[in-house]
Amino acid sequence: MLILAAVPVGNPGDATANLRDAIVQARYIAAEDSRKFGRLCADLGITYSAKVISFFEGNETERIDELIAIMQSAQDLLVVTDAGMPGVSDPGYRLVRAALENNIEVKVLPGPSAVTTALLLSGLPTDRFCFEGFPPRTSGTRATWYQELAQEPRTMVFFEAPHRLSESLADASVAFGDDRQAAVCREMTKTYEEIVRGPLSELVTWSNSKEMLGEVTVVIHGYTKDLSDISDAEIIEKVLKAEAAGISRKEAIAEVVTETKLPKRQVFDAMVAHKASTPKTDKM
């Protein structure tokens, strides 16, 4: 069996009982950094007897066959990363795919996640969000990357290296606009946790004012279309689409009003104009 276990993102007290038991009972553990794994076990006050195998981004592909062979020999393999859940911007996804292709059972021990922790701390909408990993390291590619996300409607969560944070936020501010709301979550759950919220312009100024250290997660509000940008044609398209789903025109208009936050009169007038301009079909 392949067991993916979430480890604390900072505070060892966030470790689950399942994680503790899994570490103690494991015979084979694939760890992103064996030294950090050893410190985690010391912080948890537990000892392990497992063989620890190095498993990180740089050797992930070449290690997979070895790890699959361990599980094919009727041994469980526990996978942990330095923080959070394996496979989320950390090694794990390719191993899961290989395990499934070899009919090996996969189990997840849920627990701490920097993505959802930062999302909740940000105070930004949580009903729809996306995780974008790490932005590109080079400035030109990173600027293009942000531009491609400029009209993403969901709340965006991504990781960033502390020494690139200022430049990254500046690129985001250019792509999304200075007023786009965001939050920087640094050293979450640790003693010196710092959460800074505000428009991107203020976060750029803040990040330039100090030396940035520690783990950083950034959350940015999704794109909200300016009501003045919604044309009558788009209003009509939305109403007709809702009607096609099987509801009445009155219900469709109400649904579009709720979705767009437009005045009901504006939506109604657009549909009246549409009806007047639609050629009537003679009935035989």
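The values are calculated or read from the model by the stated rules, or taken from the named source; none is laboratory data. Here the structure is a predicted model, which is why all the values come from computation and not from measurement. So basically every Cβ, Gly included, is an ideal-geometry build from the backbone, and we count neighbours across all protein chains shown.
Values for this structure:
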read-out: Helices (runs of 4 or more DSSP H) contained in segment 48-165 and holding at least 2 residues farther than 21 Å from residue 179 by Cα and of a type in the set (Ser, Thr, Tyr); value: 114-122, 139-148
read-out: Residue, nearest to residue 113 (Cα to Cα), within segment 1-36, restricted to residues that are in a strand (DSSP E or B) and among the β-branched types (Val, Ile, Thr); value: 7
read-out: For residue 279: the one exception among (1) within 38 Å of the chain's Cα centre (by Cα); (2) more than 20 Å from residue 153 (Cβ to Cβ); value: (1)
read-out: Scan of segment 93-113 for residues that are in contact with a strand residue (DSSP E or B) (Cβ under 8 Å, 6 or more places away or on another chain) and touching a residue at least 40 places away in the same chain (Cβ under 8 Å), ordered by number; value: 95, 96, 99, 104, 105, 106, 107, 108, 109, 111, 112, 113
read-out: Only listed residue being closer than 16 Å to residue 208 by Cβ and assigned to a helix (DSSP H, G or I), chosen from 182, 172; value: 172
read-out: Selection count, segment 218-245, where residues are outside any helix (DSSP H, G or I) and either out of contact with any Lys or Arg (no Cβ under 8 Å at 6 or more places or on another chain) or without any contact (Cβ under 8 Å) to a residue 24 or more places away in the chain (or both); value: 9
read-out: Contacts under 8 angstrom Cβ, first residue in segment 157-173 being in the same structural domain as residue 130 (by TED's automatic domain parsing), partner at pLDDT 95 or above and acidic (Asp, Glu), 6 or more apart; value: 157/132; 158/132; 168/160
read-out: Residue within segment 10-18 that is buried (at least 17 other Cβ atoms within 10 Å of the Cβ) and within 20 Å of the chain's Cα centre (by Cα) present; value: yes
read-out: Residues (touching a Ser or Thr at 6+ places or on another chain (Cβ under 8 Å) and of a type outside the set (Gly, Ala, Ser)) located in segment 204-216; value: 204, 208, 212
read-out: So residue 257, is it modelled with pLDDT under 90, among the β-branched types (Val, Ile, Thr) and outside the structural domain of residue 128 (by TED's automatic domain parsing); value: yes
read-out: Options 100, 95: the member that is in the same structural domain as residue 33 (by TED's automatic domain parsing), modelled with pLDDT of 95 or more and closer than 29 Å to residue 10 by Cα; value: 95
